[in-house]
Amino acid sequence: MLTFIIATAIKVVFFVVLFGLTLSAILTWMERRQSAMMQDRLGPVRANIGKVRLWGLLHPLADALKLVVKEDFRPPHAYRALYVLAPMLALLPALLVFAVIPFGPPVCIDQLGAALADVGGMCKPDQLHYLQIANLDIGLLFVFGIASLGVYGAVLAGWSSNNNYALLGGLRAAAQMLSYEVTMGMAVMGIFLVYGSLEPMSIVEQQSTMLDWGIVKQPLGFILFFFAAIAETKRAPFDIPEGESEIVGYFVEYSGTRFMVFYLGEFIEIVFVGTLITTLYLGGWQFPGLASDGFHSFFGFNVNWLMPHWAVVALQMGAFVTKVFIVCFFQLAIRWTLPRLRYDQLMALGWKGLLPASIFNVVLTAAVMLALQSVK
Amino acid sequence: MAKVVSIKRTLWDALYLPSIIKGLGITLRHFFVNTFTSREIETLRYGEWDLPDYKDNPAKPEGWRGKKKTRDLPDRHRGLHRLMKRPDGSARCTACMMCATVCPANCIHIEAGEREDATSRDIEKYPATFVIDELVCVVCGLCVEACPCDALRMDSQQMMKPVAHRDDAVQQKDQLMSRGATSIAVDGGAGADWRNEYARLGDARQIYRPDRSFSDDPIGYRIRNTDSK
Amino acid sequence: MTMKAQPSKAQPSETQPELVEIAVDGETFSVPKGKNLLEALLDVGEDVSYFCYHPRLSIVAKCRQCLVGLGDGHKLVPACQMTVQEGMKVRSKTEQVREARQAILEFTLLNHPLDCVICDKAGECTLQRQYMDWDGEASLVNHDKVSKPKKVDLGPDIVLDAERCILCDRCVRFMAEVAKAPQLLFAKRGDHTEVSCAPGEQLDHPYALNVADICPVGALTDKSFRFQSRVWDLWSTRTVCQGCAAGCDMELHHKDGDVYRQVPPKRWDLNLNWMCNDGRRTYRQLLEKERVTHPSLGGERTDPDTATTHIAEALQGLIGAEGSPIGVVLGADVSNEDAYAGARIAQVLGARLYLGDRPDDGKGDDILRLNDPNPNRAGVRAMANKDLLNTKALAEALNDGALKALLVVGDGLDLPAPAQRKLNALDLVVLSTPFSSALIKKASVVLPAAAWTEIDGTCTNAAGEVKRMRPAFEPPSHARPHWDWLVRLGVALDADLGFLDAEGAFSEMSANIETFAGASWGDTIPTQRLRFSGRRG
């Protein structure tokens, strides 16, 4: 039991704090710098400690520092309890869902130096650790169950601020998130049909070659999921709940630390969407061609490079991080490419475009699966 | 009669995906070209021009990839408000409330007071309090245009600095006056004596157009009087 | 007593005047013969400017601003000095007239200091308005203006800026003709002429503040309003003065919940266009007296429902008891609706009705002010003409110990000290009042009521005119109109008073009480911003 608690604590610290929070902090800077590069600007490069500037990488630090020391302002007629609770409600689901994402292969702690062909079989059960905080059978259901709680943060923030604009923003957020959740769920139905499991670790393990990746087997599902996920994170082009500059959003009355929590929550959601898409569609921690004891084929060539277990784990975790980073990069890139949808366009796209397409995707997948089975 | 143009949308267009990919192509191309080639980005720099780091060191600072371009704010840049002074050091403002009236954001709050020691040549009314909430201000400059006394200006060439508390952004009279300089334009509301000033300063029609020559203020208005000889 | 419908117009003359036809710029109008030509022109909508003319004052034709052409005559004449005659041909829009008015205006402005920036009249100044309408040009004169004293203390209420004065003579005429106390006169000569107090006099007449109103420029201004606010920032609410039983129509000028001044409405037919100094200062009681904002029970703050339930429980045992031991006092300062609600609740309780009034203060005069300081005595009397007992009777009843419970509505009760002490012996003393007073210590339940600036309702003046009061502010905290408290008390007593708002109370009242039969609820005049309200004076 103690081992389990320690192992889980290490995983939480490594994955959520070191990976999730750090990456989302870096993303806040990356978004500004990346957009600047796209628009032939420089972006934030000024923050410095003495002469150390690190291309502006200190900006997240400076931002956080500034926001934390700012005045703890509360609108005079805000509903105090909910006003304080709302940012936490927005952040918590985004952090919770990391629990079921596998960020590496199973690790055999006492045989790190050896080349293991079959980790499950060659390792003592008490030495085998899954690089996943909680290995739930219904992992995906958990993800959707928790992620949909995020809407409370937005709605309660809008309502408790006692501001008409915030309230309208909260309502827009609720409508948008409810609409796109349906599409997201339907898109995942395809994955479920193909891999026959709701357990993220099992889904990843089945994507051992690139041809088995979800993006190959479910191309339509991938696109639908990607867009629905962007809408869920309330980012451009689906950012009508916030609309920082023009259509004041649900956290307009928030400032200082509470605003930072909202802001951080948004970027954690980006990271979370990145990990989820990586897990479901991009082979999770799988490194193309890498088996659990090394490379047997490398881009079509038959090779036999045996590697120690630790190197394989490291490569595969590296692959996971890289994939997540690339997905995050594209999420940011889309924001700076597409204009914001109007509210009616958003609803039309959700209900009349993506939802029918996702149902079609489920039916198509089911039909193909049935046909393949009957061929066998 | 407007011309009606019907645009035929093919399935290809309706999918949007190709256009999205095309758009991503453009933005990503710029991103990669700017990031991974040595192309220099030319851009105007925001704020902070007075950082000693930039002023004294013309070399590129670390992390700085673009060409260094320093610039001043334009002459008519609208910065923090300031209250101008009479030659005797008192505020030129007479609390006429023109600025508070015209302010679209209602960010100016003045309470008038009466100078008990006023002689017949002095203006009896003065602002006991003069408060501008710079957070509420929309920097439209209407208050400056409305001011009949050349008392309120926004040409301080200073930007609003970030504050940790909202109260710190509320500028009191002494703060506004600390940026002020002497202006010797004719005082609005000066009683019948004002015409004597009028004669002293020459052409009457120039008086309400403050020119640098009327002011010892280094950054006065630079509006030239086009119709004077 | 009969009640007249509001608004009360100026008394039409007994005999219909003979109508004659006059032509104004070729257009024909029929106007009463012998009427002042300027007045007639204004009535037919002609835009004639003027400074010195005032319908309540004699004609002097000093300002020469109302020049019109008559017939084919080349010379222009001031319209205010002419009377309407059959077949008059008036030229008012010709170039000659426009030029003449512009020239006169430039002449008027010759020594005017143009210190609108600090002038309290700016925004409602006739001179400003006329300049915008008729001149709009810079002065061509380039030599020194005549300097005069800028701040002359004329008396307790008025301060004079002699430079701004355009010598229209209105204030001098007002003091001589209306106030009948010629305290003002012109001193010096030519362009050095100044308004001044007569030697050894100061401007301290109880109507002196009217000169600040009728001054067409900012020469005479109200000391208490000096530099307080620009007029265009104020909001105006039409209501009724509560200073005395005369019930003058007036405008309450306020901003951000504070009253800045009270002035007569800009209508020459309402209370002669005047108001007394005392009336203009009525709002000060709002500042001087302490407000009651929360209901209290035995000195402890409580919530409204607890308070009304407590009263109902305490009264329950006394209803219908021998010798009707409950008394209801209607203060003579409450509105008609409040008084009606009080009378209805007295009916429910089987209580005796008393009138709580203050004695005459002897400040009455023959212009407007009456001796009776109770603003709504007539309205309260009308609720129970014969059954209404007076304060003396109340004191006697208290002395005899005939009363066990007393309900005091309003702040009007002025009980002598011995009688006040007797209140301690009562089971229940309920006080519904906006202001804190000596009685509050004797009261077992205090209900916070809305002050007169906060109620929508009617009141009846000594002449029997029912006038509408309109609210300028929301009542503070838990304060609400008296009738509202009484309706709540009725609910707690299981009695339906038959109305739930002031207008409902008024229509019930006019249906049930004979003297209010013809009265009307009055027009809705919303609170308006003075920003574009035009001129005053």
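Read-outs: derived from the displayed coordinates by stated rules, not from any lab. The structure displayed is predicted, hence computed values, not measured ones. So basically every Cβ, Gly included, is an ideal-geometry build from the backbone, and we count neighbours across all protein chains shown.
What's the angle, to the nearest 10 degrees (0 to 90), between helix C:336-349's Cα axis and the longest principal axis of chain C? It works out to around 10 degrees.
Look at the alpha carbon pairs under 8 Å that are at least 6 residues apart: their mean separation over the length of chain A gives a relative contact order of 22 percent. Pairs exceeding 31 Å between alpha-carbon atoms, taken from C:Lys151/C:Lys266; C:Lys266/C:Lys386; A:Lys323/B:Lys22; C:Lys93/C:Lys255: C:Lys266/C:Lys386; C:Lys93/C:Lys255.
Using C-alpha pairs below 8 Å separated by at least 6 residues, the relative contact order for region C:21-108 is 36 percent. Quick one: net charge of C:Ala492's neighbours, Cβ under 9 Å, K/R +1, D/E -1? Net local charge, C:Ala492 excluded: -2.
At q = 0.16, 0.18, 0.21 Å⁻¹, what is the log10 ratio I(q)/I(0) for region A:1-76, with the Debye formula run over Cα points and no solvent? Values, matching the q order: -0.76, -0.84, -0.95. When the GluC sites (Glu not before Pro) in region A:148-245 are filtered for DSSP coil states and for at most 16 other beta-carbon atoms within 10 Å of their beta-carbon, the remaining sites are A:Glu244.
Normalised by 2.2 N^0.38 Å, where N is the number of residues, the alpha-carbon radius of gyration of region C:121-172 equals 1.37. For chain A, the alpha carbon convex hull comes to 172 Å³ per residue, rounded to a whole number. Under the criterion of Cα pairs below 8 Å and six or more residues apart, the relative contact order for chain C equals 15 percent. Counting Lys and Arg as +1 and Asp and Glu as -1 over every other residue whose Cβ lies under 15 Å from the Cβ of A:Val107, the net charge comes to -3. Angle between the Cα long axis of helix C:304-316 and the longest principal axis of chain C, 0 to 90 degrees, nearest 10? Taking the Cα atoms of chain C, the angle to C:304-316 is about 50 degrees.
A simple charge model with +1 on the Cβ of Lys and Arg, -1 on the Cβ of Asp and Glu and nothing else charged puts the dipole of the protein assembly as shown at about 3180 debye relative to its Cα centre. Pick out, in residue order, every one of the GluC sites (Glu not before Pro) in region C:45-98 that is DSSP loop and has at most 10 other C-beta atoms within 10 Å; say none if there are none. Loop-located and lightly packed - C:Glu86. Legend: distances between Cα atoms for C:Lys289/C:Lys441; A:Lys70/B:Lys161; C:Lys422/C:Lys442; C:Lys35/C:Lys75; B:Lys85/B:Lys125; C:Lys121/C:Lys223; pairs beyond 18 Å are C:Lys35/C:Lys75. A straight Cα-to-Cα reach below 18 Å connects C:Lys404 with the aspartates and glutamates C:Glu313, C:Glu322, C:Glu396, C:Asp427, residues fewer than 8 places away in its own chain not being considered. Taking a straight line from the alpha carbon of A:Lys51, these lysines sit under 21 Å away, with near neighbours fewer than eight places off in the same chain left out: A:Lys66, B:Lys55, B:Lys60, B:Lys67, B:Lys68, B:Lys69.
The residues neighbouring C:Trp134, those whose beta-carbon lies less than 11 Å from its own, together hold a net charge of -3 under the Lys/Arg +1, Asp/Glu -1 convention. Of all lysines in the structure, those lying under 20 Å Cα to Cα from C:Lys180, and not within fewer than 8 positions of it along the same chain, are C:Lys363.
Evaluated at q = 0.07 Å⁻¹, a Debye calculation over the C-alpha positions of the protein assembly as shown (equal weights, vacuum) places log10 I(q)/I(0) at -0.94. Loop-located trypsin sites (Lys or Arg not before Pro) across region A:24-124 with a Cβ neighbour count of 12 or fewer within 10 Å are A:Lys51, with loop assigned by DSSP. According to the calculation over all Cα-Cα pairs in region A:245-348, the P(r) per 10 Å bin from zero is 13, 27, 28, 16, 11, 6, 0 %.
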